[in-house]
Amino acid sequence: MSPFTNKTALITGGTGSFGRTVCDYLRSQGAGEIRVFSRDELKQELMRIELNDPRVKFYLGDIRDRSSIDNAMDGVDLVFHAAALKQVPSCEFFPMQAVQTNVAGSENVIRSAIHHNVAKLVCLSTDKAVYPVNAMGMTKALMEKAALAASRGSDNTTISCVRYGNVMYSRGSVIPLFIKQIRDGKPLTVTDGDMTRFLLPLRDALDLVLFAFENSRAGDIFIKKASACTVDDLVQALKNLFKSDAQVNRIGTRHGEKVYETLATREELVRADDLGDYFRVPMDDRDLNYGKYFTEGSLAESVTEDYHSHNTYRLTVPEVEALLLSLPEVVAQINEHFGRKA
């Protein structure tokens, strides 16, 4: 029997890319009730019509409003916290909006889950939370800290975080943009072709979250090991698949962008458990005796390297092509581009 059978699950940000995917998975696993919480009434209505499943209940609200999340949380067994402001440029221009949603809103979800004795809560984070240079990453890093701080005093609710890189073809992914530019016959806008980025299909992000649910202890952070590629190799792979000779316009690094992304710091890796496909970073369990923070250290940190997109496995162009062809959305775009039937 699935651990989700007959359970009541809440998905914040449930109409987004990840929310839709985990909702479909929970339906397939016999969940008793799935609560989709978001602030977008149109997306909720379209999802309600498409699914036509009485087990899926829709809750309109905003995680900034504790009362609305409390209303959705009552009677819930499991929570997937995916609601967030994720667009780097938007968060740069409106950083306090990112703070209110990603930090204060997440704190509302965490405290509500504890108050309602939810069994497990998994909070979704990002590689941008590691050594953050933009407001989105900074606020997601604080979300992680809030979750781990709450874990220290939570006896009935197991709170953990998952951290992964760019989800391919999700909202905000560069892949749909490049495909649109190719299909429209326009030049591809590339900031820095030597940048590297982790590539993660949505199915792998789901696997990471499910692994966290089954294996988490209080305050754990789970990290999915992932391969990476340069932006230039991603562009070349897409051009090959679409048989395109589109020009590439190099516009330079945008404000808030990194040359490479980091999934785990060396400080985390020193105390992490290597679980094969994943790293588990346990909570720092030092108490409020601040003296330990000044007197305890680890010599291993000085010789351990961060885990980032420059030193992980680097995909070749053919390997990037194969990964892209594993995505139904990309295959559908290719078939439409060449006038093929699905």
Margin query: For region 209-244, which positions are touching a Pro at 6+ places or on another chain (Cβ under 9 Å), among the charged types (D, E, K, R) and part of a helix (DSSP H, G or I)?
Written below: 214
Check: What are the residue pairs meeting all of these: first residue in region 110-124, first residue farther than 19 Å from residue 214 by Cα, second residue among the basic types (Lys, Arg), Cβ atoms under 9 Å, and 6 or more apart or on different chains?
Finding: 111/66; 112/66
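How many of the residues making up region 303-329 are assigned to a helix (DSSP H, G or I), of a type in the set (A, V, I, L, M, F, W, C) and more than 20 Å from the chain's Cα centre (by Cα)? Outline the logic, then answer.
Taking region 303-329 as the starting set, the residues that turn out to be assigned to a helix (DSSP H, G or I) are 317-325, 328-329.
Subsequent filtering for residues that are of a type in the set (A, V, I, L, M, F, W, C) retains 317, 320, 322-325.
With the extra rule that they be more than 20 Å from the chain's Cα centre (by Cα), the set shrinks to 317, 320, 322, 325.
The total comes to 4.
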Margin query: Of everything in region 189-203, what is in contact with a Lys or Arg (Cβ under 8 Å, 6 or more places away or on another chain) and either surrounded by fewer than 17 Cβ atoms within 10 Å (Cβ to Cβ) or touching a residue at least 60 places away in the same chain (Cβ under 8 Å) (or both)? Give them in sequence order.
Written below: 190, 191, 192, 193, 195, 196
Item checked: Test set (1) at pLDDT 85 or above; (2) surrounded by 14 or more Cβ atoms within 10 Å (Cβ to Cβ); (3) not hydroxyl-bearing (Ser, Thr, Tyr); (4) not in a strand (DSSP E or B) - residue 280 fails condition number -> (4)
Notebook entry, point to check: Is region 87-106 home to any residue that is in a loop (DSSP other than H, G, I, E, B) and under 22 Å from the mean Cα position of the chain (by Cα)?
Noted result: yes
Notebook entry, point to check: If you check 28, 67, which single one turns out to be at pLDDT 95 or above and closer than 20 Å to residue 101 by Cα?
Noted result: 67
Note to self: Any residue at all in region 143-159 that's surrounded by fewer than 24 Cβ atoms within 10 Å (Cβ to Cβ), among the β-branched types (Val, Ile, Thr) and closer than 28 Å to residue 260 by Cα?
What the structure shows: no
Next item on the list: Determine the pairs where a residue that is under 13 Å from residue 47 (Cα atoms), located within region 11-25, has a partner that is in a helix (DSSP H, G or I) and charged (D, E, K, R) with Cβ atoms under 8 Å apart, the partner being 6 or more residues away or on another chain.
Entry: 14/20; 15/43; 21/203
Notebook entry, point to check: So which residues in region 22-57 are buried (at least 19 other Cβ atoms within 10 Å of the Cβ), among the β-branched types (Val, Ile, Thr) and part of a helix (DSSP H, G or I), if there are any at all?
Noted result: 22
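The values are calculated or read from the model by the stated rules, or taken from the named source; none is laboratory data. Not measured: the values here are computed from a predicted model. Counting neighbours? That spans all protein chains shown, and the Cβs are built from the backbone with ideal geometry, glycine included.
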